[in-house]
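Trainee: The structure is given below, and queries will be raised subsequently.
Readers should treat all values here as calculations from the given coordinates under stated rules, not as data from a laboratory. Please read these numbers as outputs of a predicted model, since none were measured by experiment. Cβ placement follows ideal geometry from the backbone for every residue including glycine, while neighbour counts extend to all protein chains displayed.
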Amino acid sequence: MLHIVLYQPEIPPNTGNIGRLCHAAELSLHLIEPLGFSLDEKSLRRAGLDYWHELDVQTWPSLEAWSEAIGTPDRRFYLTTKTDQSYWDQSFQAGDSLIFGPETRGLPESLLAQNSANCLTIPQKGGRSLNLATSVGIVAYEAIRQISVPN
């Protein structure tokens, strides 16, 4: 239905929570390296991610490698605090990709500049940003709602 893309995620519990969300909502999860943690079996088990093998999850060496494999660049949305375009104003479709940056720095400025028409934000009070897992949940479930409810 949707592709959730985490560009260089850094915090294992966030990725675990997002993985759980993707499993529950039947979404594809794409992890763009480098990751700030290990995905070996011992690390996954220690983090309580015993369901990880049930996920539709792929790890990619770069955003370019993911991009070449997925295609359709016009249906990619880049979530950032550096735009005024709200996710509320977007009409989502099955197959869309929602791309989120790493927790400490967000998506690269160059990527945002190249894709400014497809940058979206979650309206929020200035200051600290929302947690990555919370942000993914907010936008993903709005997209699911739009796709699931006939107009």
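Trainee: If you go through the stretch 126-151 one residue at a time, how many are in a helix (DSSP H, G or I), in contact (Cβ under 8 Å) with a residue 60 or more places away in the chain and closer than 17 Å to THR15 by Cβ?
Mentor: The initial filter retains those residues of the stretch 126-151 that are in a helix (DSSP H, G or I), namely 132-148.
With the extra rule that they be in contact (Cβ under 8 Å) with a residue 60 or more places away in the chain, the set shrinks to 132-133, 136-137, 139-141, 143-144, 147.
Those left that are additionally closer than 17 Å to THR15 by Cβ: 132-133, 136-137, 139-140.
Residues that pass the stated criteria total 6.
Trainee: Out of ILE4, ILE18, report the one residue that is outside any helix (DSSP H, G or I) and surrounded by 20 or more Cβ atoms within 10 Å (Cβ to Cβ).
Mentor: Numbers: ILE18 fails: outside any helix (DSSP H, G or I).
ILE4 is the lone residue from the list that is outside any helix (DSSP H, G or I) and surrounded by 20 or more Cβ atoms within 10 Å (Cβ to Cβ).
Trainee: If I filter the stretch 29-41 for residues that are under 24 Å from GLN146 (Cβ atoms) and among the β-branched types (Val, Ile, Thr), do I get at least one hit?
Mentor: Checking the stretch 29-41: not a single residue is under 24 Å from GLN146 (Cβ atoms) and among the β-branched types (Val, Ile, Thr).
Trainee: So which of PRO123, PRO102 ends up being in a loop (DSSP other than H, G, I, E, B), crowded, with 16+ Cβ neighbours inside 10 Å and not small (Gly, Ala, Ser)? Lay out the reasoning, then the answer.
Mentor: On the way: PRO123 fails: crowded, with 16+ Cβ neighbours inside 10 Å.
The unique qualifying residue is PRO102.
Trainee: Next up: Could you list, ordered by first residue, the pairs with Cβ atoms under 8 Å in which the first is in the stretch 14-43 and closer than 18 Å to GLY106 by Cβ and the second is aromatic (Phe, Trp, Tyr), at least 6 apart or interchain?
Mentor: Going by the 8 Å Cβ cut-off, the qualifying pairs are THR15/PHE37; HIS30/TRP60; HIS30/TRP66; LEU31/TRP60; ILE32/TYR7; ILE32/TRP60; ILE32/TRP66; GLU33/TRP60.
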